[in-house]
Amino acid sequence: MLHTPPLRGHVGKRGLLFFMTMLLFAAGAPVLAQSQMATGVVLDDRAEPLPGAVVLVQGSTRGTLTDLNGNFAIETAAGDMQLRFSFVGFQDQMLPIDGRERYEVTLGGMIGIDEVVITALGVERSEKSLGYAIQSLDGKAVSEVPVTNAVSALNGKIAGVNIQSSSAGPTASANVTIRGAGSLSGNNQALFVVNGIPITNGLFSSGDGLNGSTTIDFGNAAQVINPDDIAEISVLKGPAAAALYGTRAAAGVVLINTKTGQGAPGWHVDINSSTTLSGLLRMPDFQNEYGAGGYGRYSYSNGATYTGDFYDAFGENWGPRLDGSAIRQWNTNGEATPFTAAPDNVRNFFRTGVTSRNHVAISNQSEDGDFRMGYTHLDSRGIVPNTDLTRHTISMSSGQNIGERLNVRTNLNYIRSGSGNVPNAGYDESSSIMYGWLWFQRNAPIDDLQNYWKPGLENVQQANTEELWTNNPWFLVNENTNGFNNDRIIGNVAATYNLTDRVSVRYRMGADINGEKRRFRRAMSTKSVLLGSYREDDLRFHETNNELLLSYDGTDYEKEWNLSARLGGNIMRQTTEILRANAPQLLIPGIFNLGNSRSGVITDDFTYRKGINSAFGVANISYKNRFFLDLTGRNDWSSTLPTNNNSYFYPSATASAILSDMFDLGNKLDFAKVRAAYAEVGGDTDPYNIRNVYVYENAWGDQPVAAESADLANAGLLPERTSSIEFGADLRWWLGRLGLDVAWYQMNSRDQIINLPLAATSGYTSRIVNSGEIQNRGIEVVLRGQPVKNDVLTWTSTLNLTRNRSEVLSLADGVESYQIIPDLYPNDGGQDLSFEARVGQPYGLLVGLGFQRDDAGNIIHENGLPMLTENKVNAGSYQPDLLFGWDNEFRFGRFTAGFLLNGQLGGLIFSRSHALYATAGSITNNDDPNMPLSTLDGRETYDITYGADGIPVYNAVNESSWGVVGPGVMYNAEGNLVENDVAVPTRDYILSYYGNGFSRDNIESALYDATFIKLKELRLGFDIPADWLSSNMNASSATISLVGRNLLLFTDVPTIDPETYSIRAGRIVPGFESTALPTPRTIGLAINLHF
Amino acid sequence: MKMNPLRKRTLPVLSALMALFMWAGCGELSELNENPNQPESVTPDVMLPGVIRDISDVLVGHAFYISNCASQLSAKSLRNEVDVYNWNAVPIIGFDALWPSLYGALRDIRNIEAAAIERGDDRLLAAAKTMRAFAFSVLTDTYGDIPYSQALAGNNGTYFPAYDKQADIYLADGGLLDELDAAHALFAAAGPGTVSGDILFGGDSDLWHRFANALHLRLLVHCSAQTDVSAEFAEVAGRPLMEGTAHNAALNYLNAFPNQFPIIPLKQGDFESVRFGQAAFALMEGSNDPRLMQYARATDATIGSDNEAFEGWENGGKGCDDTGSRLGLTYYDYPGHPTTADKAPGVWMSYAEQEFILCEGAWRGWSSGDAAAHYAQAVTASMVDHGADPADTGLSSVEDFLSQEGVVWNDTPQRLFEQKWLALYFHGMEPYFEVRRWYTDGGGWDGVPFLTPPCANTNDDNLPLRFIYPSEEQSLNADNYAAAVERLGGSNSFNAAMWLVAP
């Protein structure tokens, strides 16, 4: 929810009161010789007193603020003509000084014209003065929505921001991309700044790929910020807004300020409690007509036969019709029993997820300072059995005035989180249940697998429907767990000393300390980890920032020209430590301990250190409060670059003009601002990219082994550079009932440091180079208004539209294409699917083999099977044509109701899940918009009888009716294209169509237009009447709300939620889906009490 | 506005403060970028085991998935692209591809050579040259023209090496044969001694010397259709050679992860998707070959009984005969009953193979020597390598086996090829290379009468003659790739004949 009708809440007003007091304090209050007092009251348009309004004697520097009752008293001197009354978000009013006894003035409100927003360096500024786009949400927008990851609650609420949430259980990450992807190296995550201190939001992956360690989503960092503690989130879009956070801000900044005790004097208590229930938004369209087996055959022999007569470990659902025929099955002890469907077997495996969050905070504001302390307990059990998340958050904020000139503020967040098991959504049989579903027998009742050990072989040998390929799902979730414990401290101390009324110096020290232990258990008999394994990852991250800031505030209401300036320096130090220890084979079954290793423990140990020193300056110049010009400059020195190239300077300039203050724009257009910005940001690289090294490999017995790294380092690296220009306008009509904010931008990222692949024949597989230029261009539109506003009903509506296009302008010399991810799904063979950048093309291409087609686009067949191209083709980009979010809130009396629709138009997504479900014959395939054949068409059916020994005898029935004819063309004997008329077995066709056999290198088969619309949120709230509250429970406000998330999805994409992505090598890859966990559909009840 | 008295002092004080602050942060930046994790140089004895392991892993993986199947020693029951000659889509599952793995190993071999020269360690230098020739020979025999003389120089800025002609790779100065001559000269001059860090021969440079000469013979046989090798063969045959199975160039894997036989971590389903081949089964069953009990695993119903039953799987697609034994117990650990038997080694080249080569040299008249004796040595050595017990097939001894009709040396290449083919089981890519040579030398399948085209193959019954270049070469080394493909006749085709097998 946006900052709509501004500052109606008393907290906002009082917050401003504090701010304005400081401002006036800075302006000084000279004593007048001949004076008289003017007193009065300032009211808002509801005739309620307006505290904190500014009252100025026009043409002087004398001013004051209204008190909590809206009253003011100000000295006037002879010759003073007018009083000026102003309040942020309202139109200024002037009254002549005429000696009347009491001045009463009503300020008319306009919506959101002059909100105060938090900008870089934590400086609060009026949005009016900014020359770049910024969009803010108050904490309610995220705390009200019961999610475990506050960031994902921003989805659809801010233009220009693309938030993709993984569905990977309670720890799911949220990928935040602002204004498109500019980086070839794949890290396009926005920088998160919490109370002025940057925190990394990368996936903390120690990615060696073993045990699925690169596909398990342990969560990214920003999610640990507790929604209940968030006071405000501002999104600074693009480098102009972010130039002062340096290098890491090139992809934009999400500023989060946590709550403090500032606000109403005295002690207050807040209690929030919420509980949510989660189900499944969507499941594949499973078929229930045919069961396990292959080519129409199935009979259980020993679970290891996939040919001949039995096909009991064929691992697919191409078996006999589920018509109740008597067939020997895996759970029948050799007896032939009716072969029937278990329709909801996959769905029934999942359970209702329950998340409860309880929060209590006490806060106090007094004359000397403020204080707040909060505790939050989050307990979540995921929709996948035996998955969970527990999180304790203690947050503390305290501000203290020491003497008249010194203020000290500390913020501290301690977060302890942990999980016994995080679900793996990867293509990894050792712990991903989603992998197993692809081939899960349609006839297997899920409950029959609950006893997942073979009798007498507990902890040694699992029981499953077959022995060769997959693991029992209950075995996976209960035995092969991926647990973690994380301790994180994010804190800072800032001391501000006002040297003079206008000059202050602030020293701030912040730290982000993160320690995490991950535990991967693989029980004995896990497929491909037959002897089991146990691994621990110990991950430590530590970042400190020391910042000194010198500020000059020259604001003077008397003057036409105003100048403020800041000068600062920052020292950043970062240390990452990774220690992995793996017992690759267990000695004693069921004991998961590094000591229980059959063959020694394999360890890896890495330490990465990095430092950036910075000096920066800002100047804010304004003329008549109508023209604003901001200039910034920053110089960074990064440890990661070669010493002779490690210093880089980057400037920015932004300007804005308030047209409505200069021209008469008609009586409907009340406010018009235009703005322009130019900015550059420099960038560095990761540690240790300058010199070639040798890497340790697994020892050979007691002989150590090392090999030269296949990645060539580069001692001649230059800093990266991103430059951007932006133009925008902010228009308000009808007293702000309708507002439009439009921004156009172009962002060019140059000299990017990437790992460019090399031909292996050079002896190396990649080299680190400066390369390439990516251009992002886009338009963001925020349309907001109050279509209905009367005594009964207020309807506030905000529409966010985003269109971004990233184009690759150049790569390194002689290089036309760059594989960002060379092989999305390793080990499939074939030519692989890749995620690429190509010169002259949009960023993020989905590349693989395509179908051979005739001029009309028909697929060409040979021997009845579709033919593929010899070389890989570019199938297009994941980039959507348009992202939209439409947020609505209706307020009638004490009730509020709201809904948020979000979605995208265009863009591509490749669903590997769909392709594999189809090749396994597990789904009907009726919902594939590209492909008219169903997996149920033309299946082999046999008349089966059993011999005395239980061996099935297949009597072929009506063979000529089997098989399907693929839609498309083929070459006839004369070499002309004619309609394909060759029938092939259904499995062969589907396998060939979706997978190119098992090569799975066809990008076109399961590629879909990712257009979707989602009912993202539905909110119902009730404010309990204050008089009832005060008389019954001594509370001052209370709300009860019912919130649903991910309630409805409309899309043509089959099988999956298109709002998903893959995690590959610790990076988030949009446009590719593989074995993603189902998106949870949640409904929750929340109660917020304020005392 | 009144001047604040503080202001006079403010600026200098603050400037000093800022300067102090900035100074505090400088100075240590470059230290921060010193890598504490990885060294910038290591000694060659640390590189050597990794290189040997990498090459061995490639050989085992490619024998299992590619070469045994392409030569019909085994057959795939799933994903049978190799068997049906759909070599545009050959899957390599669970093992690194041949091309990047061997070029990766060659990077470290280059480093070992450089270190050996620097240290004046001629034995190490000669061993490195031998490994280098071995790895490059597998590469060129697989693909044809490959980057050779300009390869492995990315650290000097050669990012796009040209492809050398295969004839030059074999025969030119600095080519494979030349390098092996140089290795022999170095070994001979240095005399027996130690190769530090070696895990292939336990550091014995004399065994490296013998392997280098045996490899030299192998390569001469490979190119014998294109050039007269007789003189060189005779000369090399007189150098020190392997003298028994103890001299095999084969890596004995350790019995523990991650240095175990590389197939063991596979899923059972993936392991069992390779079955013992029908052609090999028929030949071995017909000659009471006791290696069958080691090559293949008896059916579940009969394993461990007195009458163990075996079957062969016909190479080819659906509709072909699809029952066959799984591979032997030395190649995998079955869940529930891991075997106590030692696992197979990673074979680079065996004494048995060398004896078959000498047999062929004698039979062709390249060198003096007794073809029959070399034949008997070869078969006997192969029996020893696999721990075959003649009693398993009712024979009293290997001599007994050798004297049978159909096995006894009859002075024909067919007899030699049959037995050499069986002995090359799990010898890296060599079984395919040899079958290909006999096929092209003999004018097609007549050259390998013990084989027939795979059932339901997709290549008009033609044995593919090479593997296609990896697809990434197209984008990563486009111009040189295009020139190499041009020399193949314009297409990266698996039917194009490389120099070795050119008509």
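Bear in mind that the values in this text are calculations on the coordinates, not laboratory data. Bear in mind the structure is a predicted one, so any value in this text is a computation, not a measurement. Because the Cβ atoms are built from the backbone with ideal geometry, glycine has one as well, and the counts that use them run over all protein chains shown.
Among all helices in chain A defined by DSSP H, which have a length of 15 Å or more along the axis from Cα atoms plus a Kyte-Doolittle mean of at least 0.5? Helices passing the filter in chain A: A:10-27. Between amide H atoms placed 1.01 Å from N, distances below 5 Å from residue A:315 occur with A:293, all of them 5 or more places distant or on a separate chain.
On the basis of the beta-carbon distance and an R0 of 45 Å, residue A:955 and residue B:458 show a calculated FRET efficiency of 0.90.
Give the residues of the range B:176-211 whose amide nitrogen is closer than 18 Å to a point set 7 Å from the Cα of residue B:235 in the direction of its Cβ. Counting backbone N atoms under 18 Å from the label point, the list is B:176-189, B:210. Highest mean packing first, where packing is the average number of other Cβ atoms within 10 Å per residue, the peptides A:544-550, B:120-126 line up as B:120-126, A:544-550. Length, then width, then depth: along the principal axes, the Cα atoms of the range A:706-793 run 77, 27, 18 Å. Annotation: amide H-H contacts under 5 Å for residue A:1037 (H modelled 1.01 Å from N, sequence separation of 5 or more, or interchain): A:1090.
Based on C-alpha pairs under 8 angstrom that are at least 6 apart in sequence, chain A has a relative contact order of 11 percent.
Could you compute how fast the range B:67-177 diffuses translationally, taking Rh as the Kirkwood radius over C-alpha pairs and applying Stokes-Einstein at 10 °C with viscosity 1.306 mPa s? Give it in µm² per second. Calculated translational D: 100 µm²/s. Contact order, relative form, for the range A:923-1030: 18 percent (alpha carbon pairs under 8 Å, 6 or more residues apart, mean separation divided by residue count). Size descriptor for the range A:850-980, Kirkwood hydrodynamic radius: 20.0 Å (Cα pairs only, one decimal). Taken residue by residue and averaged, Cβ atoms of other chains lying within 10 Å of the Cβ of B:261-273 number 4.
Once R0 is set to 41 Å, what does the formula 1/(1 + (r/R0)^6) return for the Cβ-Cβ distance between residue B:172 and residue A:971, expressed as a FRET efficiency to the nearest 0.05? The calculated FRET efficiency here is 0.40.
Normalised by residue count, the protein assembly as shown yields a Cα convex hull volume of 184 Å³ per residue.
For the residue pairs A:237/A:1014; A:259/A:1014; A:128/A:259; A:128/A:157, alpha carbon separations beyond 28 Å are given by A:259/A:1014. Seen from residue A:320, the other residues with C-beta closer than 14 Å to its C-beta sum to a net charge of -1, counting Lys and Arg as +1 and Asp and Glu as -1. Residues in the range A:339-353 carry Karplus couplings, in order, of 8, 9, 6, 10, x, 9, 4, 6, 4, 6, 5, 6, 10, 6, x Hz; the curve used is 6.51 cos²θ - 1.76 cosθ + 1.60 with θ = phi - 60°, and Gly or Pro positions show x.
Evaluated with a Cβ-only charge set (Lys, Arg +1; Asp, Glu -1), the range A:995-1065 carries a dipole of roughly 180 debye about its Cα centre, given to the nearest 20. Remark: the range A:671-686, residue by residue, has Karplus-estimated 3J(HN,Hα) of 8, 8, 10, 10, 9, 8, 8, 10, 8, 10, 9, x, x, 10, 9, 7 Hz, where x stands for each Gly or Pro and the curve is 6.51 cos²θ - 1.76 cosθ + 1.60 at θ = phi - 60°. Each pair of Cα atoms in chain B enters the Kirkwood radius, and Stokes-Einstein at 4 °C and 1.567 mPa s then converts it into a translational diffusion coefficient of 53 µm²/s. Taking a point 7 Å from the Cα of residue A:344 along the Cα-to-Cβ direction, the residues of the range A:1069-1084 with backbone N closer than 17 Å to it are A:1081.
Averaged over residues, the count of other Cβ atoms within 10 Å places the peptides B:400-409, A:673-682 in the sequence A:673-682, B:400-409, highest first.
The C-alpha atoms of chain B define a longest principal axis, and helix B:371-385 lies at about 60 degrees to it.
Bin width 5 Å, origin at 0, all Cα-Cα pairs of the range A:710-865: what percent of pairs per bin? Result, from short to long distances: 2, 7, 11, 12, 12, 11, 9, 9, 8, 7, 5, 4, 2, 1, 0, 0 percent.
Across the range B:55-214, Cα pairs under 8 Å and at least six residues apart give a relative contact order of 18 percent. If you fit an axis through the alpha-carbon atoms of helix B:205-222 and take the longest principal axis of the Cα set of chain B, what angle between them do you get, 0 to 90°, nearest 10? Helix B:205-222 and the main axis of chain B meet at about 70 degrees. Dividing the C-alpha radius of gyration of the range A:317-443 by 2.2 N^0.38 Å, with N its residue count, gives 1.96. Over all projection directions, the Cα-based convex hull of the range B:59-126 averages an area of 5.9 nm². Under 5 Å between amide hydrogens, built in the peptide plane, is the criterion, and for residue A:281 it picks out A:1079, A:1081 among residues at least 5 positions away or on other chains. Specify which residue in the list B:187, B:302, B:448 is farthest towards the positive end of the charge dipole of chain B, using unit charges on the beta carbon of Lys, Arg (+1) and Asp, Glu (-1), about the Cα centre. Farthest towards the positive end: B:187.
Once the C-beta distance of residue A:631 and residue A:556 is scaled by a Förster radius of 22 Å, the resulting FRET efficiency is 0.70 to the nearest 0.05.
Rounded to the nearest whole Hz, the Karplus-based 3J(HN,Hα) values (6.51 cos²θ - 1.76 cosθ + 1.60, θ = phi - 60°) of the range A:365-374 follow the sequence 10, 9, 5, 7, x, 9, 8, 8, 9, x, with x at glycine and proline. Using Cβ point charges alone (K and R +1, D and E -1), the dipole size of the protein assembly as shown about the Cα centre works out to roughly 7440 debye.
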